[in-house]
Ligand code: ARG
């Protein structure tokens with residue numbers, strides 16, 4: 001297929017293959033978003049009297065047909081197309097003749113690809129929010145179910161103080177909620193429409209950028225046309241930074257679960273349907289899902305680094321380097337979603353072994369050392385003296401009832417007072433934030449799709 005920039009000379013095939021790389025494959029994920037942005041652009045061109053209403057309708061109908069073909073698997077982007085923008089324009093010209101050639105008035109592929117990535121990203125972020133809300137609810141239910149179930153609390157991995165399964169689960173819940181606050185901020189940056197910024201410097205005709213932005217369901221127009229182009233990769237990196245926080249939490253949680261489900265601990269059991277086996281050792285039940293969450297977290301961190309690394313030396317305005325931010329962005333988002341889903345599945349099916357949790361206290365009475373020192377403090381002994389007394393007679397420490405110890409930790413956020421309602425309120429606020437945005441996006445996109 002002809003390139004959009006074809007001017008009648010032949011580019012070296014090796015250079016062409018190098019510049020296209022796997023971008024045409026990645027762009028298959030952007031076809032629908034690119035068509036939606038094009039429908040909005042066509043409508044704006046009609047409003048600006050650059051196209052007639054009838055011409056915009058014809059373009060919109062053909063763009064919707066491309067979306068239908070894409071969903072049915074019969075539209076594709078080939079290496080010869082170079083990218084989805086070319087594949088779509090070529091199809092429009094093939095079906096609509098000269099009208100197809102008019103659509104690119106007042107835009108560049110530079111603002112076009114940013115818009116497509118943002119529309120795509122908002123859909124992907126909604127999916128990620130939903131999956132993360134699911135995990136938050138699973139953690140919440142797990143924390144409530146085992147709210148006062150004693151578990152040894154550790155620092156430096158060593159025995160520290162009495163804690164509970166509820167505290168452990170609610171800690172990851174609150175951490176996830178903070179990650180989701182970051183993701184909501186990332187959404188706000190992604191929710192800006194770059195269209196009309198064109199190659200980086202706008203166009204010398206009076207287009208209505210606000211109108212395109214509204215039609216596409218964006219919260220606001222990204223004002224400065226040069227910044228709109230400079231923000232490519234920047235906004236991707238902010239989304240990936242939020243993904244990185246989610247992934248790091250999941251990775252650490254995975255490590256806890258791997259440790260606590262070792263036979264030597266036995267606090268938790270990962271059911272066999274969540275374990276894979278060994279080809280040589282008949283007894284093995286390996287927590288491969290959790291191990292891969294750990295490893296994929298490194299990939300997600302690398303995606304974030306890669307995007308910022310590409311940006312850091314770039315001059316203002318579009319540079320082809322920006323194409324290279326697409327892969328880590330799409331990959332980082334997809335991996336984060338997959339990790340959240342696997343963790344949700346794992347926690348939902350996790351078995352808890354009360355007997356082993358309690359046995360651990362009997363085997364390590366030193367876990368009560370601080371409780372004992374504070375008991376002496378209550379009798380009037382200064383804390384440092386009480387600390388030394390207990391340290392000098394650790395071997396005499398008796399294992400007491402860990403439930404009673406937990407029940408005494410009643411200050412805010414302690415194992416005896418998890419205050420799950422604090423997390424509930426934060427989760428409800430986040431859900432409301434997402435519901436409003438989902439609604440606006442859905443209404444706008446339904447209108448563009450004519451449904
Ligand atoms: N595939 C390109 C990208 O992702 C599309 C924009 C091309 N723009 C250009 N000036 N060559 O950046």
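The values are calculated or read from the model by the stated rules, or taken from the named source; none is laboratory data. This is a predicted model, so every value here is computed, not measured. FYI the Cβ positions are ideal-geometry reconstructions off the backbone, even for glycines, and counts take in every protein chain you see.
If we scan the range 341-352, do we find a residue that is on the phi < 0 side of the Ramachandran plot, touching a strand residue (DSSP E or B) at 6+ places or on another chain (Cβ under 6 Å) and part of a helix (DSSP H, G or I)? No: the range 341-352 contains no residue that is on the phi < 0 side of the Ramachandran plot, touching a strand residue (DSSP E or B) at 6+ places or on another chain (Cβ under 6 Å) and part of a helix (DSSP H, G or I). Look through 269, 207, 258 and report the one residue that is over 21 Å from the mean Cα position of the chain (by Cα) and without any contact (Cβ under 8 Å) to a residue 40 or more places away in the chain. 258 is the lone residue from the list that is over 21 Å from the mean Cα position of the chain (by Cα) and without any contact (Cβ under 8 Å) to a residue 40 or more places away in the chain.
Within the range 80-121, restricting attention to residues that are at pLDDT below 95 and within 31 Å of the chain's Cα centre (by Cα), the residue that is nearest to the ligand (Cβ to nearest atom) is 82. For the range 205-220, the criterion of being assigned to a strand (DSSP E or B), buried (at least 21 other Cβ atoms within 10 Å of the Cβ), at pLDDT 95 or above and touching a strand residue (DSSP E or B) at 6+ places or on another chain (Cβ under 7 Å) is met by no residue. Scanning the range 191-203 for residues that are surrounded by 22 or more Cβ atoms within 10 Å (Cβ to Cβ), more than 15 Å from the ligand (Cβ to nearest atom) and closer than 17 Å to residue 236 by Cα yields a count of 1.
Just wondering, is there one or more residues in the range 266-286 that are modelled with pLDDT of 95 or more, away from the ligand (no atom under 16 Å from the Cβ) and out of contact with any strand residue (DSSP E or B) (no Cβ under 9 Å at 6 or more places or on another chain)? Yes: the range 266-286 contains one or more residues that are modelled with pLDDT of 95 or more, away from the ligand (no atom under 16 Å from the Cβ) and out of contact with any strand residue (DSSP E or B) (no Cβ under 9 Å at 6 or more places or on another chain).
Taken together, the residues in the range 1-55 that are more than 15 Å from the ligand (Cβ to nearest atom), assigned to a helix (DSSP H, G or I) and within 20 Å of residue 79 (Cα to Cα) amount to 4. Reported count of residues in the range 312-327, each being within 13 Å of the ligand (Cβ to nearest atom) and more than 16 Å from residue 18 (Cα to Cα), is 3.
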